[in-house]
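Beneath this line is the structure, given in structure tokens, with notes to follow.
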């Protein structure tokens with residue numbers, strides 16, 4: 001079934017467009033993304049009228065989310081991967097230093113990320129080299145933080161995620177599949193440890209409650225009482 005767009009009145013002066021995406025799922029899910037676009041994920045075969053009613057019912061929530069994300073705009077300009085611009089690593093803003101040399105390498109200090117993409121300063125190759133390094137750092141760090149977060153939730157290793165995968169998600173920080181596969185956004189390597197732990201704890205809570213019902217939020221609140229602060233910091237830092 002193709003995607004479609006629902007248009008609804010946002011206020012007395014403007015409208016919003018909600019993109020409907022049909023997937024193999026059982027319930028409707030409404031999302032407001034950081035760029036303030038609105039998306040609804042719907043089960044295959046869902047009637048347009050059902051989606052429209054859902055959107056109207058949640059309109060106050062949509063407005064609140066859009067006001068929340070508006071404080072982060074304008075968003076960070078696209079990176080050019082040239083010396084002098086700043087890039088994040090574990091929550092620290094570090095100055096990029098592009099050099100050329102015989103081998104590809106990235107070195108991190110408290111103030112700089114020095115990137116050598118070989119005997120070139122091509123922005124495309126500098127970007128690829130930096131993000132490959134990010135991925136290598138994430139592979140080790142995310143696994144380490146996962147084990148620590150499992151201890152906080154008293155989850156034995158045998159009952160933890162079956163697999164950890166690192167992906168470039170467009171609109172989410174993490175996911176937990178029904179089969180117990182934990183997905184984490186590679187972009188989290190740019191965030192502070194406390195924010196990485198928040199995302200991991202959130203997804204681990206889904207092992208016990210695969211929904212966002214009251215019991216899920218009660219568990220998250222009990223294990224990480226300051227999760228809202230961490231979530232807000234994550235969204236502000238990487239906007």
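No lab work stands behind these numbers, since they all come straight from the coordinates. Everything numeric in this text was worked out from a predicted model, so none of it was measured. Heads up, the Cβs are rebuilt from the backbone with ideal geometry, glycines too, and the neighbour counts pull from every protein chain shown.
For 13, 57, the sequence from fewest to most other C-beta atoms within 10 Å is 13, 57.
Pair-distance distribution P(r) for region 6-143, from all Cα-Cα distances in 5 Å bins starting at 0: 2, 8, 14, 13, 10, 9, 10, 10, 11, 7, 3, 1, 0 percent. Shape analysis of region 86-237 yields a ratio of the Cα radius of gyration to the Kirkwood radius, Rg/Rh, of 1.04.
Here the relative contact order of the chain, from alpha carbon pairs under 8 Å that lie six or more residues apart, stands at 12 percent. On the basis of the beta-carbon distance and an R0 of 30 Å, residue 95 and residue 194 show a calculated FRET efficiency of 0.80. In the chain, the calculated helix contribution to ellipticity at 222 nm averages -12000 deg cm²/dmol per residue, counting -39,500 (n - 2.57) for every DSSP H run with n ≥ 4.
Calculated on C-alpha atoms, the gyration radius of region 171-239 divided by its Kirkwood radius gives an Rg/Rh of 0.95.
Restricting attention to the chain, close to 60% of DSSP beta bridges with both partner residues there are antiparallel. If the Kirkwood radius is taken over C-alpha pairs of region 4-70, then at 20 °C and 1.002 mPa s the Stokes-Einstein diffusion coefficient equals 177 µm²/s. The simple spin-label model puts a point 7 Å past each Cα toward its Cβ; for residue 5 and residue 177 those points are separated by 3.2 nm.
Inter-label distance, residue 218 to residue 157: 3.2 nm, where each label sits 7 Å from its Cα along the C-beta direction. For residue 59 and residue 127, what does the FRET efficiency come to when R0 = 35 Å and r is the distance between their Cβ atoms, rounded to the nearest 0.05? Once the sixth-power term is evaluated, E becomes 0.35.
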